[in-house]
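Enquirer: Just dropping this structure here.
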Amino acid sequence: MLVKTYCAAVMGLEAITVTIEISMAKGVLFHLSGMADTAVRESYDRIKAAVENNGFRMPVAELTINLSPADFKKEGSGYDLPLAIGILAADNKVSSDRLGEFMLVGELGLDGKLHPVRGVLPIAIRARAGKFRGLIVPRENISEAAVVNNLDVYGMDTLMDVVKFFNGLEQYEPMRIDTRKEFYDHQYDFDLDYADVRGQESVKRALEVAAAGGHNLIMVGPPGSGKSMMAKRLPSILPPLTLSESLETTQIHSVAGKLKKGTSLISQRPFRSPHHSISQVALVGGGQNPQPGEISLAHNGVLFCDELPEFNRSVLEVLRQPLEDRHITVSRAKYSIDYPASFMFVASMNPCPCGYYGDPTHRCACTPGQIQRYMNKISGPLLDRIDIHCEIQAVPFAQLSQMQPGEPSAAIRERVIAARNIQTERFSHLPQGGGREGAIHCNAQMTDRMLHLFAEPDAASLDMLRMAMERLKLSARAYSRILKVARTIADLAGSEKVQSMHIAEAIGYRNLDRGDWAERGV
């Protein structure tokens, strides 16, 4: 007897339909074909135990199972459920009348309990695209899968529940989720707020500019000055995710298995802060079983690298292309996968090895050579891709104890959203795909041609910029970065033209480009 069940395999962020063909004949052998990895081949033992612990007997027969398409590698434990149901259907223990209407995915425990798997959201999208009536998943994956409209999603607890469903012994209701309500209800629930930050007004201004234009930023200051504290609050002033951005972000986290239990849609921009011991593969993605890396998990959000010079230099260098292209292509001998990676890069670092160079309250024990070598751990090409360089000093206790709470994130966010709306209107007239990768959404993504259209300085501003570059020994590569930041500052001020005051503030955000940085006081 030949029976077919359906599952899906995830490759990158996409899923393809996998047809599981099960043929049963006289004999006692078991054959599994279709480029199955070890986890799939081991499924027979889990299925046998689950079937027998739920009151059935494994058929004494020759089972031949093919996973089609056979030239595509099948990985993971999500094939347990469709394989088990297919074997029982071939043995006439499960009705096969409706098997072709449903896609199944789930890992089986030895007691028949269904355990969650990764990548259920793209599998649900594939099921809808494949015109399947419904999708059966483990209970813990149901919120994630039910986000997809026009698809009946059933969350099951055990193998026996699925058997009863197909045999018509019990009626189950599909999960219904109001996607928009689920999304909008949690957009503004932030645990961290800039109202908790006292002082540091210049740094908060730099973060506001960065958020308004999508600019990359680095903070340089001594230990305890509040670099990490302020970076962690950055998502609270970023514009809210759109529904399409949320779906894309959720899909990435689903594939990586990073969704929290019961989460349907990610409603807040992600904030990723990897440790400085991270490897290249963990940062950009890939591996033997390809997974998205930290830069893709930070897509539509923030990637924060604390103590930037402590990262391996070769790891930092792989960031250069994604920062420009907003995506990463991972190419290996057996696969090539494209992951999105449009994120704000925020970093922090000490000004020297001891951390107290330029600090008025501590004596620095480092020589200029040591400071320069410390700064040289960050390459020029990477530094060139960071638009805003912000110096920060610790707030003295006398001032800290007297200051009132700072401006709340909600007020800053309103200004950021207003500036982003100006940019959306500005770039809406450009053809889609006008940038390096897709449409332009913010000033940080502007090309050099767009700078001449939207950020051309007047004569006075150009003279100021020329003078600054000569006196402060700024590199030529800082020119376009200054104009992009100046354009954002002008948007925050509601100015149509980039004026000299905007250029002046933008120049102040290029401190690390100064040729004498390691020879002066901070």
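The values are calculated or read from the model by the stated rules, or taken from the named source; none is laboratory data. Owing to the predicted nature of the structure, the values given are computational and were not obtained by experimental measurement. So basically every Cβ, Gly included, is an ideal-geometry build from the backbone, and we count neighbours across all protein chains shown. These accessible areas exclude ligands, DNA and RNA; they are computed on the full protein's heavy atoms, side chains included. Shrake-Rupley method; radii C 1.70, N 1.55, O 1.52, S 1.80 Å.
Enquirer: Pairs only if they're at least six apart or on different chains, beta carbon under 7 angstrom, first in the stretch 455-475 and among the hydroxyl-bearing types (Ser, Thr, Tyr), second crowded, with 18+ Cβ neighbours inside 10 Å and modelled with pLDDT under 85; list them, first residue then second.
Expert: Ser475/Asp513
Enquirer: From the set of residues in the stretch 242-259 that are closer than 27 Å to Val315 by Cβ and either free of Cβ contacts under 8 Å to residues at least 40 places away in the same chain or small (Gly, Ala, Ser) (or both), which is most open to solvent (accessible area, probe 1.4 Å)?
Expert: Step by step, filter the stretch 242-259, then rank; the result is Lys258.
Enquirer: Regarding the stretch 289-300, can at least one residue be identified that is touching a Lys or Arg at 6+ places or on another chain (Cβ under 9 Å), crowded, with 22+ Cβ neighbours inside 10 Å, closer than 30 Å to Asp448 by Cβ and hydroxyl-bearing (Ser, Thr, Tyr)?
Expert: No, there is no match, as no residue in the stretch 289-300 is touching a Lys or Arg at 6+ places or on another chain (Cβ under 9 Å), crowded, with 22+ Cβ neighbours inside 10 Å, closer than 30 Å to Asp448 by Cβ and hydroxyl-bearing (Ser, Thr, Tyr).
Enquirer: What's the number of the condition Val330 fails, among (1) open to solvent by 10 Å² or more (accessible area, probe 1.4 Å); (2) closer than 15 Å to Ser279 by Cβ; (3) touching a Gly at 6+ places or on another chain (Cβ under 9 Å)?
Expert: Val330 satisfies all of (1) open to solvent by 10 Å² or more (accessible area, probe 1.4 Å); (2) closer than 15 Å to Ser279 by Cβ; (3) touching a Gly at 6+ places or on another chain (Cβ under 9 Å) except (1).
Enquirer: Could you check His275 against (1) touching a helix residue (DSSP H, G or I) at 6+ places or on another chain (Cβ under 8 Å); (2) open to solvent by 10 Å² or more (accessible area, probe 1.4 Å) and say which number it fails?
Expert: In the conditions (1) touching a helix residue (DSSP H, G or I) at 6+ places or on another chain (Cβ under 8 Å); (2) open to solvent by 10 Å² or more (accessible area, probe 1.4 Å), His275 misses (1) alone.
Enquirer: Being open to solvent by 70 Å² or more (accessible area, probe 1.4 Å) and among the β-branched types (Val, Ile, Thr) is the filter here, so list the residues in the stretch 346-366 that pass it.
Expert: Residue satisfying the conditions is Thr361 alone.
Enquirer: Given the residues Val220, Val209, Val281, which is the only one that is among the β-branched types (Val, Ile, Thr) and within 18 Å of the chain's Cα centre (by Cα)?
Expert: Values: Val220 fails: within 18 Å of the chain's Cα centre (by Cα); Val209 fails: within 18 Å of the chain's Cα centre (by Cα).
Selected residue: Val281, the only one of Val220, Val209, Val281 that is among the β-branched types (Val, Ile, Thr) and within 18 Å of the chain's Cα centre (by Cα).
Enquirer: Could you look through the stretch 191-207, keep only residues that are of a type outside the set (A, V, I, L, M) and under 19 Å from Leu241 (Cβ atoms), and pick out the one that is modelled with the highest pLDDT?
Expert: Filtering the stretch 191-207 for residues of a type outside the set (A, V, I, L, M) gives 191, 193-194, 196, 198-202, 204-205.
Filter again for under 19 Å from Leu241 (Cβ atoms), leaving 191, 193.
Working: Asp191: 87, Asp193: 90.
The qualifying residue modelled with the highest pLDDT is Asp193.
Enquirer: Follow-up. I'd like the full set of residues that are of a type in the set (A, V, I, L, M) and either in contact with a Lys or Arg (Cβ under 7 Å, 6 or more places away or on another chain) or closer than 30 Å to Val346 by Cβ (or both), limited to the stretch 164-205.
Expert: Passing the criteria: Leu192, Ala195, Val197, Val203.
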